[in-house]
Amino acid sequence: MSHFAGQSIDAARRVLAARLQAVGNDSAELDARLLVGAALGLDLTGMVKAAKRTLTHDEADRLENLARRRLAGEPVARILGIKEFWGLPLHLSAATLVPRPDTETVVERALELLRADGASDRALRIADLGTGSGAILLALLSELPNAHGFATDISAAALRTASRNAAELGLGDRATWIACDYGSALTGAFDLIVSNPPYIPSADIAGLDIEVRAYDPRAALDGGADGLDAYRALVSQSAGLLTSGGFLVVEVGRGQSGQVEALMTASGLSPTGPPKADLGGVPRAVSARRLPR
């Protein structure tokens with residue numbers, strides 16, 4: 001029987017929040033509101049207006065199903081099938097990571113570099129290597145109205161998800177989707193290359209939070225024995241794909257920034273200053289430039 005049978009909408013939200021808090025969920029109130037809204041098809045305003053209405057039998061059952069999934073560790077974004085990134089609603093699929101706020105640091109660094117270079121209004125060519133849901137590329141296209149993006153992913157399913165996101169955001173005519181491993185199938189010169197590659201050392205994956213290890217695609221997490229396999233491929237590829245003066249910006253894991261900078265330098269790229277830290281203070285976005293010739 002559902003825990004929510006006979007409950008008002010407001011009471012059901014409070015009951016669910018308490019159940020989530022009891023298992024150590026640190027976003028229990030927000031998660032409860034989002035799940036009640038999803039089960040009932042109501043936004044926040046609708047929930048407030050109907051707070052005293054009693055849930056129907058079907059609504060209580062739907063909410064119980066969503067609650068059990070969340071209690072088992074499934075992320076709310078996976079349950080809802082959508083996640084906001086850079087203010088943009090993005091659909092998810094089993095082939096894509098859930099975009100995380102840390103990754104917005106890559107977008108911020110890329111925009112800083114382009115604006116400092118006076119290039120943000122130009123007809124830029126941008127490549128996003130291993131695009132997943134398209135989060136980084138679509139955030140950049142939303143800020144750079146004259147840019148065109150080329151997104152790669154080894155997963156055709158991920159590219160379908162990213163393409164859907166681009167279309168629904170009105171950015172589909174400025175994005176091209178290419179199935180390949182990082183930049184292996186790209187040609188031509190790019191003003192900016194960005195990537196959030198897999199960077200978790202293989203042996204560390206079992207110790208990740210259940211929301212990550214059980215629900216994010218392993219191929220988007222596993223960076224090999226030292227976590228740097230993807231960078232070894234994409235940094236060398238990028239060095240040959242950048243325009244003179246073009247930028248490479250990548251997300252890195254904790255403690256990896258120095259090693260990734262060394263790979264960039266060894267490929268003939270010049271780091272553009274200290275890595276940009278995320279909101280938690282972790283160096284997160286490492287960037288370099290192909291020096292103008």
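Suppose we filter Pro198, Pro217 for residues that are closer than 29 Å to Val23 by Cβ, modelled with pLDDT of 95 or more and within 15 Å of the chain's Cα centre (by Cα); which single one remains?
Values: Pro217 fails: modelled with pLDDT of 95 or more.
Exactly one of Pro198, Pro217 is closer than 29 Å to Val23 by Cβ, modelled with pLDDT of 95 or more and within 15 Å of the chain's Cα centre (by Cα), namely Pro198.
Hey, any hits in the range 156-168 for a residue that's of a type outside the set (Lys, Arg) and outside any helix (DSSP H, G or I)?
The initial filter retains those residues of the range 156-168 that are of a type outside the set (Lys, Arg), namely 156-159, 161-163, 165-168.
Narrowing the set further to residues that are outside any helix (DSSP H, G or I) leaves none.
Within the range 156-168, not a single residue is of a type outside the set (Lys, Arg) and outside any helix (DSSP H, G or I).
Comparison of Thr243, Thr265 shows that the only residue that is β-branched (Val, Ile, Thr) and closer than 23 Å to Leu137 by Cα is Thr243. When Val260, Val249 are checked against the criterion of being among the aliphatic types (A, V, I, L, M) and not in a strand (DSSP E or B), Val260 stands alone in meeting it.
Within the range 207-224, is even one residue open to solvent by less than 20 Å² (accessible area, probe 1.4 Å) and outside any loop (DSSP other than H, G, I, E, B)? Spell out how you get there, then give the answer.
Going residue by residue through the range 207-224, those that are open to solvent by less than 20 Å² (accessible area, probe 1.4 Å) are 216, 221, 223-224.
Add one more test, that the residue is outside any loop (DSSP other than H, G, I, E, B), and what stays is none.
No, the conditions are met nowhere in the range 207-224.
Summed over the range 156-177, the residues that are farther than 20 Å from Thr187 by Cβ and open to solvent by less than 30 Å² (accessible area, probe 1.4 Å) give a count of 6.
Going through (1) assigned to a helix (DSSP H, G or I); (2) in contact with a Phe, Trp or Tyr (Cβ under 8 Å, 6 or more places away or on another chain) one by one, Arg115 falls short only on (2).
Per the conditions (1) within 24 Å of Ala214 (Cβ to Cβ); (2) assigned to a helix (DSSP H, G or I); (3) open to solvent by 50 Å² or more (accessible area, probe 1.4 Å), the sole criterion not satisfied by Glu84 is (2). Only one of these conditions is not met by Pro99: (1) under 30 Å from Gly273 (Cβ atoms); (2) in a strand (DSSP E or B). Which number is it? Of everything listed in (1) under 30 Å from Gly273 (Cβ atoms); (2) in a strand (DSSP E or B), Pro99 misses just condition (2).
Being in a strand (DSSP E or B) and crowded, with 21+ Cβ neighbours inside 10 Å, is that true of even one residue in the range 234-245?
To start, the set of residues in the range 234-245 that are in a strand (DSSP E or B) comprises 242-245.
Filter again for crowded, with 21+ Cβ neighbours inside 10 Å, leaving 242.
The answer is yes; a qualifying residue exists.
All conditions but one from (1) open to solvent by less than 50 Å² (accessible area, probe 1.4 Å); (2) among the charged types (D, E, K, R); (3) within 30 Å of Gly73 (Cα to Cα) apply to Glu261; the one that does not is (3). When residues in the range 69-81 are screened for being over 20 Å from Ala18 (Cβ atoms) and open to solvent by 20 Å² or more (accessible area, probe 1.4 Å), 3 of them pass.
Considering the conditions (1) surrounded by fewer than 20 Cβ atoms within 10 Å (Cβ to Cβ); (2) under 28 Å from Arg14 (Cβ atoms); (3) over 15 Å from the mean Cα position of the chain (by Cα); (4) of a type outside the set (Asp, Glu), Leu66 is excluded by exactly one of them, (1). Residues in the range 87-96 that are in a loop (DSSP other than H, G, I, E, B) and open to solvent by 20 Å² or more (accessible area, probe 1.4 Å): Gly87, Leu92, Ser93, Ala94, Ala95. Give just the number: which of (1) over 20 Å from Arg284 (Cβ atoms); (2) modelled with pLDDT of 95 or more; (3) buried (at least 16 other Cβ atoms within 10 Å of the Cβ) does Tyr182 not satisfy? Evaluating Tyr182 over (1) over 20 Å from Arg284 (Cβ atoms); (2) modelled with pLDDT of 95 or more; (3) buried (at least 16 other Cβ atoms within 10 Å of the Cβ) leaves (1) as the failure.
Yes or no: the range 126-147 includes at least one residue that is assigned to a loop (DSSP other than H, G, I, E, B), surrounded by fewer than 16 Cβ atoms within 10 Å (Cβ to Cβ) and β-branched (Val, Ile, Thr). The answer is no, given that none of the residues of the range 126-147 is assigned to a loop (DSSP other than H, G, I, E, B), surrounded by fewer than 16 Cβ atoms within 10 Å (Cβ to Cβ) and β-branched (Val, Ile, Thr).
The values are calculated or read from the model by the stated rules, or taken from the named source; none is laboratory data. These figures come from a predicted structure and were not determined experimentally. Please note: Cβ atoms are built from the backbone with ideal geometry, for glycine as well, and neighbour counts cover all protein chains shown. Accessible surface is based on the protein model in full, side chains and every heavy atom, while ligands, DNA and RNA are left aside. Shrake-Rupley method; radii C 1.70, N 1.55, O 1.52, S 1.80 Å.
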